[in-house]
Amino acid sequence: MGQAQGQPARSARCIALVGPYLSGKTTLLESILARTGAVKRQGTVTAKNTVGDASDEARHHGMSVELNVATVDFLDDSFTFLDCPGSIEFQADAANVLTACDAAVVVCEPDEKKVPALQLILKQLEDRGIPHFLFLNKIDKADTRVRDIVPMLQPASAVPLVLRQVPIWEKDIVSGFIDLALKRAHVYREHAPSEVIEMPRALAEREQEARFSMLEQLADYDDELMEQLLEDVEPPRDKVFDDLATELREGVICPVLFGSAENGNGILRLLKALRHEAPFVQSTVARIGADGASSCAYVMKTFHTAHAGKLSLARVLAGTFADGDSVFGGESEERIAGVFALLGQEPVKRDAAKPGDTVAFGRLESVRTGATLSTEKGASLKIEPGEIAEPVFGLAIEAKEKKDDVKLTAGLAKIIEEDPSLSISHDQDMGQMVLWGQGEMHLRVALERLIRKYGVAASTHPRQIPYKETIRKSTEVRGRHKKQSGGHGQFGDVVVTIGPLARGQGFEFSDKITGGVVPKNYIPSVEIGVRDYLHTGPLGFPVVDVAVCLIDGSYHSVDSSDMAFRQAGRLAMSEGMPQCQPVLLEPVMAVEIAVPSEATARINSIVSSHRGQILGFDARPGWPGWDVVQAHIPEAEIQNLIVELRSATAGVGTFHAELDHLAELVGKAADQVLAHRGDKAA
């Protein structure tokens, strides 16, 4: 087949490799590089010699922790493959790059346990209208028939999974396949192209059955094909391929191919399917609303490299971008310092980039991931970037050596620029900086990068919880500040009532002064003194939900001053508050936990073990087979919630939390908090 229908030019294409953790995406990329001649010998993840996963962190942990990029040529067509991490903790890269990809290859295993993780991937592609294939990897290790595997995986997909191949089995080993579109049988050759063989007689009936099923699924969206099937007319081969390409682009089917990336099996068939059926950049431009732009590139990822400096990986959607061109879309006008192709982490200088090309632009210092670039000043087009999951795990962080504070801040800024799913918050009340991310491993890798790339060693510890305190009883107390040290003295005398307010009312100050016993001009100073005390109450925490009323006092015509009455107000509070039965308050969060339905019972148990209260649960809208559990959980108990949640849901569960209210904390839990506070004060 030649050029796909409706495409004016065979521009370079951009294909994302996505899929659940450990499904073999990096191995598939390596196999593609070997099959297209981009590398002389196929590396392996275990040998740590692959083009992808070349960073120290990826090789140390044996998993993808950032995007891998490689551009290859196949039958005179150019493809850039973007291998995205599979762990849910590192999926921000996929969210960003998918925006401007032409299609995706979803790599998965024939494993029912991976269905929820597969659904996470497919749902994102479906919601964003991105055409996608399913590559069933590790077929050589499958212990289930393909005819059973596809129905097993179907609940993960909102569109039909259309099987494109039938395996040929020999002594319980997949030795080849039958291409249902071509009606040809092939036998695998390890790390070499498969060979066409005569159709095995024993599989003739199975081939006819599977082919008819494929055509029936295609005919659901093609009346002409449906008529041909009803009249028992064999549709032309070109008609079948046109339908496969059209229905893939329209997102109404997900074709299923299979193979073994480790052995190089099924790779050529996958590449040919991408070449014939994957859409070109013009379709992507229409999908993301970039029509009409004369100059446009979307920034998919930011890299900070040791030798080339900052690189902005971008997909060119319209116009030409060359070395030295001025571009707009960052915080200021920038000049491109080199256009590069990437092979893993190695930049290779190339000529100007045209529509369809995926390249790295050098040293665009103010340009961020998700930016829309143009060579035209004043261009208004802004492509909406992918949605990044909110952080669910945080650790307080500080430089191990005080002299590295500035280096830590600068290093974190660059790491966050590379990975926007990381973030930093500064809590002035707690006096801590918190690094937030998608999980324990996510933050561990970030800290390892800090040391390797920027030479900054940081220490982390559980973040402090913003406890508060309030009172249960009322009291009346006098506060007198009197000091004489020659010359003018200091005198301020106040009587106040201190009482509790309803939860959430904060702080109220009033006065009932009559007869001028406390001059009006000093009353604001009394309030300031009271507020000074509220920063740290008798238990050592900020005080809330308290009402203070100034009811009496006295003054000295010479020695009284604003400062004296401020001190008097503070003294009254320090003497009165311990008499009011102070009690600790802890923040309680409203939490929504999203999990596969089969895990809901386990989640209920986890919530209870975290001093949580289940409020209810319901089906997750738009997510068949998922539930959302609503609960109230103390913030102190949420710190490691994501770790248990992921463990109970094969890595796919997540949650959203926001402050709901403050609740009294008493008993052993309160004693532990106060003891910890005492230790810190000591």
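The values are calculated or read from the model by the stated rules, or taken from the named source; none is laboratory data. Since we're looking at a predicted model, the values are computed, not measured. Cβ: placed from backbone, ideal geometry, glycine included. Neighbour counts: every protein chain shown. Please note that ligands, DNA and RNA were not included when accessible areas were found on the heavy atoms of the full protein model with its side chains. Shrake-Rupley method; radii C 1.70, N 1.55, O 1.52, S 1.80 Å.
Side notes on the structure shown:
- Percent accessible area from carbon and sulfur atoms, region 595-682, protein chains only, probe 1.4 Å: 54
- Simple Cβ-charge dipole of the chain, Lys/Arg +1 and Asp/Glu -1, about Cα centre, in debye nearest 20: 2180
- Using the Karplus relation 6.51 cos²θ - 1.76 cosθ + 1.60 with θ = phi - 60°, the per-residue 3J(HN,Hα) values for region 121-137 come to 5, 5, 4, 5, 5, 5, 5, 9, x, 9, x, 8, 9, 10, 9, 7, 8 Hz, with x marking Gly and Pro.
- Averaged per residue, region 461-538 has 54 square angstrom of accessible surface, using a 1.4 angstrom probe with ligands and nucleic acids left out.
- Solvent-accessible area assigned to carbon and sulfur over region 111-159 amounts to 50 percent, based on a 1.4 Å probe.
- Taking 15 Å as the straight-line reach from the Cα of K453, the aspartates and glutamates in range (excluding those fewer than 8 positions away in the same chain) are D56, E57, E66, D404, E417, E418, D419.
- With K and R counted +1 and D and E -1, the other residues having a Cβ less than 13 Å from that of V628 yield a net charge of -2.
- Of K48/K114; K48/K349; K301/K382; K349/K414; K138/K183; K239/K301, pairs whose Cα-Cα distance is over 28 Å: K239/K301
- A 1.4 Å probe run over region 98-226, with the rest of the protein chains in place, finds 45 Å² accessible per residue.
- Listed by chain and number, the lysines whose alpha-carbon sits under 20 Å from that of K377, ignoring those within fewer than 8 places in the same chain, are K354.
- Think of a 1.4 Å ball rolled over the protein heavy atoms: region 599-655 then has 43 Å² of accessible area per residue.
- Expressed as a whole percent, the proportion of Cα-Cα pairs in the chain lying more than 48 Å apart is 32%.
- Charge dipole of the chain about the Cα centre (unit charges at C-beta), most positive-ward option of L317, Q613, W436: W436
- Straight-line cross-link partners of K482 among the lysines, defined as a Cα under 16 Å from its Cα and at least 8 positions apart when in the same chain, are absent.
- Inverse of mean 1/r across different Cα pairs in region 122-239, Kirkwood, Å: 16.0
- Computed over neighbours whose Cβ is under 10 Å from that of T26, the net charge equals -2, Lys and Arg +1, Asp and Glu -1.
- Cα radius of gyration and Dmax for region 274-352 (Å): 14.0, 41
- Calculated [θ] (222 nm, deg cm²/dmol) that DSSP helices of n ≥ 4 give over the chain, each run adding -39,500 (n - 2.57): -8500 deg cm²/dmol
- Rounded to 10°, Cα long-axis angle of helix 562-576 versus longest principal axis of the chain: 80
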